Amino acid sequence: MRTQTPQGVKDFLPDDARWKVQLEQSIRRSFAGWGYQEVLTPSFEFFDTVNLGDSSDEQTLKFLDRDGQLLALRPDATTPLARMAATRFRDTHRPLRLSYVTNVFRANQDEVGREREFFQAGVECIGVASPLADAEVIALAAELLRNVELDQFQISLGHVQFFNGLLSECPDTQTRQQIRRSFLNQDYVGLQGILQRSALPQWAKNILAQLPRSHGERSVLEQLKAEVQNQAALDALANTKEICDHLGVRGLQKCISLDFSMLKSLDYYTGMVFEGYAPHLGFSLCTGGRYDRLLGQFGPERPAVGFAVGLERLLWVLTAQGQQPPVEPPKLFVWPGHGSHALRLAAERRAAGDTVILDVQNLERDEVLAHAKTNGMSKVIFVVGDDVKCVDVEQGGGQPC
Amino acid sequence: MLSIAVSKGRLSDAFADILECAGYPCHVLKESTRKLVIESPEAGLRFILAKPTDVPTYVEYGAADLGVVGKDTLVEANKRVAELVDLRYGRCVMVVAVPKAAGIQNVTDLDFNSRVATKYPHIARTYFQDHGIQAEVIPLHGSIELGPIIGLADAIVDITETGRTLVENGLESIAEVMDSSCRLIANRVSYKMKYTEMQRLVEAVEGVVADEDH
């Protein structure tokens, strides 16, 4: 019998599982506090449904069912939620605020930080195209990271229409793809050569060449605005400025950094995009953006914006900054573990919120304390007839219960 | 403090020279040592001495903020990093070469299912696939030129600086796969989180490289 798990999946032992659950609870409180309702979608769907971006094709874990239909484990949560919103809330015209905490699956192999099964928590705000909705989602991401006591994080904010606007100045499809690939792969050396050979206007070449360095504060917006001669790109800058204004009011300007070189490998984004980073983590911690055309694939087009945070990555960063798994609540041990008096007592203590463990091994009385100590119990309750005695495992002695 | 993964040897010496010119004292990098991590506190740099093929891995995982690696190794490793500066040394060309005696002039003349020995299986497979050539790639770790001599392979894909090793082993280049030179790479998150510190180094290095070119 093989005793290992396949590459890219893992067990959560009690300490890690408890920590993960605690994080999820904190995250769920944040989501609920902003009026996002949790939903569940199936673990697998038709391959055609979840495979919308062509770049995700080989990243999807696919399988056939007995009817020969091609199915896929969900590679992300946003696409299934878009399907759900477009079909099940077809006639809902009010804004929908949905959230999820779920596992997702990818066909990755042999890559740490890119597991085959991993956990994500996120929200989707559907039906509103306003910069206020964009700011709400970013602010919620920031609040979530603060609530789990992450010391330090940065959110980079970009806009895919800015980049698309600049690229539309290039007449040649192949060159456009090459430039896009350079930015996706962050090959800024290769980019310079491609730009020089391209038929882009000089102003666009200059901006694209400098784009990886157009980082940072809001002054970047003014600089770019002075150089850009494309309406879609100018609109993207204006849109970003509005989002920044709303984030400023929320006191978030310090943790926001503008970065218009940010592209996404998922193809469905149509507006602002953002990623969250933390020290000690070589990958992004959370990622999100606006995707106004995804729902149109399943029904009437409706604008939407959302984000997801990676739970394993969050645990990794919290560990790196010195956080420990939450301590287990104290455990009471009841001996003997049978008899109506002992059972009633145990039930009462559980009802009061205690963790109560009944002896199921029929231990001898003189073994009980040693057993309780090695098994992490804090107190033992001896129930002999009507005589109930509570002994502190560390301090000994016996008090009436 | 920034950490930089480099491979010890000729290439790291050349990089140390560039850093010195850029105003980052780092003579420690040229000293003979068995240490795997050496620091230059006055430059605010920590060097991680790694195997060349491991440099992209260290950088991708964020174990190092920056790395110095040949473009050939970088493409082969296929890691998610940011490629910032062409350092313009360690130049070489990756070629497809065949025994002179085979009389093959063009890659498209290679026999169906030709065996190709290489240290760069990923690059070789992609190249042949892009050119519609059916080839069987045989990964080796060194002395690739041996492949055709002992009949293990019909052709090789390897880097060459001057072409001398090829000639000495009776091989000739029939196609160029890519040009290579050393690159300064960065972890994608470090480049955002430590942008100011890194950009200062990147621009200083770029300045030195551009000067030397003229």
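Of the strands (runs of 3 or more DSSP E) lying entirely inside the stretch A:25-143, those containing at least 1 residues that are of a type in the set (Gly, Ala, Ser) are A:70-73, A:96-105, A:117-126. Looking only at residues in the stretch A:245-304 that are farther than 22 Å from A:LEU234 by Cβ, among the polar types (S, T, N, Q) and in contact (Cβ under 8 Å) with a residue 60 or more places away in the chain, which one is most open to solvent (accessible area, probe 1.4 Å)? Among them, the one singled out is A:GLN297. With the condition kept exactly as written, say whether any residue in the stretch A:363-375 is over 39 Å from the mean Cα position of the chain (by Cα) and of a type in the set (Ser, Thr, Tyr). No, every residue in the stretch A:363-375 fails to be over 39 Å from the mean Cα position of the chain (by Cα) and of a type in the set (Ser, Thr, Tyr). All told, A:THR240 meets the bar of being in the same structural domain as A:GLN154 (by TED's automatic domain parsing), in a helix (DSSP H, G or I) and of a type in the set (Ser, Thr, Tyr). Answer with yes or no whether B:ALA186 is more than 14 Å from chain A (Cβ to nearest Cβ) and touching a residue at least 40 places away in the same chain (Cβ under 8 Å). So B:ALA186 fails the test.
Just one of the listed residues (B:VAL189, B:VAL157, B:VAL205) is open to solvent by less than 20 Å² (accessible area, probe 1.4 Å), of a type in the set (Val, Ile, Thr) and under 27 Å from B:GLU20 (Cβ atoms), and it is B:VAL205. Just one residue in the set B:VAL28, B:VAL75, B:VAL59, B:VAL69 is of a type in the set (A, V, I, L, M) and assigned to a strand (DSSP E or B); that residue is B:VAL69.
Conditions tested, residue by residue: (1) at positive phi; (2) assigned to a loop (DSSP other than H, G, I, E, B).
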| residue | (1), (2) |
| --- | --- |
| A:SER261 | no, yes |
| A:ASP267 | no, yes |
| A:GLY276 | no, no |
| A:HIS280 | yes, yes |
| A:GLY289 | yes, no |
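The set of residues in the stretch A:325-357 that are among the aliphatic types (A, V, I, L, M) and buried (at least 16 other Cβ atoms within 10 Å of the Cβ) comprises A:LEU332, A:VAL334, A:ALA342, A:LEU345, A:ALA346, A:VAL356, A:ILE357. If I filter the stretch A:184-209 down to residues being within 10 Å of chain B (Cβ to nearest Cβ) and part of a helix (DSSP H, G or I), which single residue comes out as farthest from B:ASN187 (Cα to Cα)? For the stretch A:184-209, the residue satisfying everything is A:GLY193. So, A:THR87, is that one in contact (Cβ under 8 Å) with a residue 40 or more places away in the chain, under 17 Å from A:LEU295 (Cα atoms) and exposed (fewer than 12 other Cβ atoms within 10 Å of the Cβ) or not? Criteria met by A:THR87. Of all residues in the stretch B:99-122, those satisfying the criterion of being within 23 Å of the chain's Cα centre (by Cα) and open to solvent by 10 Å² or more (accessible area, probe 1.4 Å) are B:LYS119, B:TYR120, B:PRO121, B:HIS122. Yes or no: the stretch B:85-98 includes at least one residue that is under 21 Å from A:PHE283 (Cα atoms), open to solvent by 10 Å² or more (accessible area, probe 1.4 Å) and within 9 Å of another protein chain (Cβ to nearest Cβ). Scanning the stretch B:85-98, I find no residue that is under 21 Å from A:PHE283 (Cα atoms), open to solvent by 10 Å² or more (accessible area, probe 1.4 Å) and within 9 Å of another protein chain (Cβ to nearest Cβ), so the answer is no.
In the set (1) within 25 Å of A:LEU314 (Cα to Cα); (2) more than 14 Å from chain B (Cβ to nearest Cβ), A:LYS225 fails one condition alone, (1).
Okay, residues lined up against (1) polar (S, T, N, Q); (2) at positive phi:
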{"position": "A:TRP316", "(1), (2)": "no, no"}
{"position": "A:THR319", "(1), (2)": "yes, no"}
{"position": "A:GLY322", "(1), (2)": "no, yes"}
{"position": "A:TRP335", "(1), (2)": "no, no"}
{"position": "A:GLU348", "(1), (2)": "no, no"}
{"position": "A:ALA352", "(1), (2)": "no, no"}
{"position": "A:ASN362", "(1), (2)": "yes, yes"}
{"position": "A:ALA370", "(1), (2)": "no, no"}
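Output yes when any residue across the stretch B:169-179 is within 12 Å of another protein chain (Cβ to nearest Cβ), touching a residue at least 12 places away in the same chain (Cβ under 8 Å) and either part of a loop (DSSP other than H, G, I, E, B) or open to solvent by less than 40 Å² (accessible area, probe 1.4 Å) (or both), and no when none is. The answer is yes; a qualifying residue exists.
The values are calculated or read from the model by the stated rules, or taken from the named source; none is laboratory data. The structure presented is a predicted model; accordingly, all values stated were derived computationally and were not measured. Reconstructed Cβ throughout: ideal geometry from the backbone, glycine too, with neighbour counts over all protein chains shown. Areas reflect the complete protein model, heavy atoms only, side chains present, ligands, DNA and RNA absent. Shrake-Rupley method; radii C 1.70, N 1.55, O 1.52, S 1.80 Å.
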